[in-house]
Amino acid sequence: MAYFLTADGGTESLRARVYDLSGACLGSAAIPYETRFSAGARAEQDPEDWWRAFVTAAGKAIAEAGIYRRAIEAISLATTSCSVVALDENGDALRPAIIWMDVRAGQEAEAVLATADAALRVNGAGQGPVSAEWMIPKALWLKRHEPGIFDRARTICEYQDFMTLRLTGERAASFNNVSLRWHYSAAHGGWPLSLIEALGLGALKDKWPTQVVATGAVIGTLTARAAEALDLSPSVKVVQGGVDAFVGMIGLGVARPGQLALITGSSHLQYGVTDRAIHAPGIWGSYSDLPAPGRYMVEGGQTSTGSIIAWLGRLMNGTMDLDALNRRAAELEPGADGLIVQDHFQGNRTPYTDPLSRGAIVGLTLAHEPQHIFRAIMEGIGFGTRLILDSMAEAGCRSEEITIGGGATASDLWLQIHADTAGLPVAVPASRDAPSIGAAVLAAMGAGYFSTIDEGIVAMVKPGRVIEPRPRETALYEEIYGRYRALYPALKALRGA
């Protein structure tokens, strides 16, 4: 049998899993680590915690799998994106990592957009926004505010790259990560040299990893030190993974033109695959040669989705019973007795790209109860997803089905609302651990068992169930969706923007 070790390095913990060639998970373990928050919307982690978590979790997962440790053939990782690290010549961190949710680089993001460089075509066809989360704004912040760290840094990279450097000794960047968040474009010459030069960041090019490795390609084998720490054979291949949401897309089985992945959690991400380049206001992308050569990927996103449910729970002071709320909300008609929720509690990412937009609950009466608000939140998020899908379709990226993963799959009601508001079938794969199974596909591909991602998906990603849209409910939602769309311009006018 062939066995593969994966890691899903998230915001709160790292989960290691062991898979076989059929896609079955044989062992799993998670190790948490600390995030340090401070004023100015800052959030940092210690990269050494990532490494220690992986070593510990990997040992526990392999033990649970009950296999011979030296039977592991390949490793691949899915990690958070935009978690930027500055390393010295030994590969050790010079400061804590500035993780993805840290938005201290807001002014630097504005400076990036102000260059009007051609590399910004992936930011709403050059109209923006550029996120303060991304690599170049954070690197510019380091140069402006911690020049000593910037100058001393031998390598400026991300979580994924730190881990592969520790595993293999290679300074390698993930192709999907640099394409999505570093303004790297294989179709337009690679690194965005004119952009970083315009920002006075020319030195950054030599601090970035020396090679960009395609998803599913072998970076190298374990160093003697890494093999000893993990108690694995030095011959184990380390295969390029990437951004957790992107690897999760593979784990959902979405890789062919016309398919669409909806990754749910605290926020929603929509990834569509096309056979041609698309650059349009209101969407991010397209990114070339993703998820496979000759294909393109477009991206949409809702900043706050599952986090709004969590907000409701805080308001209910710990009394929220999700199972009971789902049952009671399911008994309501579409529209939650006249309620409409605008889901912009932390601004709008796409299609309006308006960080100043805010959430709203419209139509409240004294007769409304928690289940009404609960359902209306789900419907508002469903409408926000529908709006993004409509924007993608207008730009030329159309899908006939939504493949969904993440937190929303725990609620049958939410799945049905997504199907009914979009008027599209919603497919839920058998495994809910999309980033991990996606990493297993990539590890098996790098180990030589599959020649393409498509082959790996067929062999390892198992189909689950499909939720069909209900004609009556879809028709009712069509009218409510029109009122949802009218909310944004009305509320924007009220704030005087």
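Rule-based calculations on the coordinates, nothing more; no lab input. Keep in mind that this is a model prediction, so the values were computed, not measured. Ideal geometry is used to build each Cβ from the backbone, glycine not excepted, and the neighbour counts take in all protein chains shown.
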Quotient of C-alpha Rg and 2.2 N^0.38 Å, computed over the chain: 0.96
Cβ crowding within 10 Å averaged over residues, with 249-260, 106-117 ranked highest first: 249-260, 106-117
ARG69/GLU48 FRET efficiency (R0 30 Å; Cβ-Cβ; nearest 0.05): 0.80
Segment 192-259: trypsin sites (Lys or Arg not before Pro) in DSSP loop, at most 16 other beta carbons within 10 Å: none
Mean ellipticity per residue at 222 nm, deg cm²/dmol - from DSSP H runs of n ≥ 4 across the chain, formula -39500 (n - 2.57): -11500 deg cm²/dmol
For the chain, share of DSSP beta bridges that run antiparallel, in % to the nearest 5: 70
Amide proton proximity set for THR155, modelled H, under 5 Å, gap of 5+: LEU87
Span per principal axis, largest first, for the Cα atoms of segment 3-247 (Å): 55, 39, 30
Highest average packing first - 46-53, 383-390, Cβ atoms within 10 Å: 383-390, 46-53
Between helix 47-65 and the chain: long-axis angle, C-alpha atoms, 0 to 90°, nearest 10: 90
Cα-projected label distance for ALA224 with GLU478, points at 7 Å along beta-carbon direction, nm: 7.1
Separation between Cα centres of segment 447-497 and segment 106-150, rounded to whole Å: 29
Anchor LYS462: lysines whose Cα lies under 17 Å away (excluding residues fewer than 8 positions away in-chain): none
Lysine-lysine proximity count for segment 3-247, Cα under 24 Å, sequence distance 8 or more or distinct chains: 5
Cleavage-rule hits, trypsin sites (Lys or Arg not before Pro), segment 425-495, DSSP coil, Cβ neighbours within 10 Å at most 11: ARG495
Computed lengthening from VAL466 to GLU394, 0.36 nm per intervening residue step minus Cα-Cα distance: 23.4 nm
Among PRO355, ALA493, GLY106 - extreme Cα towards positive end, dipole of the chain, charges at beta-carbon: GLY106
Centroid-to-centroid separation of segment 1-53 and segment 349-372 [C-alpha atoms, Å]: 34
Whole-Å distance, taken between Cα centres, linking segment 226-260 and segment 289-314: 19
Ordering of 311-318, 353-360, 180-187, 282-289 by packing [mean C-beta count within 10 Å, highest first]: 282-289, 180-187, 353-360, 311-318
ARG358 versus ALA187: modelled label distance in nm, points set 7 Å from Cα along the beta carbon direction: 3.9
Size of charge dipole - the chain - debye, nearest 20, with Cβ of Lys, Arg +1 and Asp, Glu -1, no other charges: 400
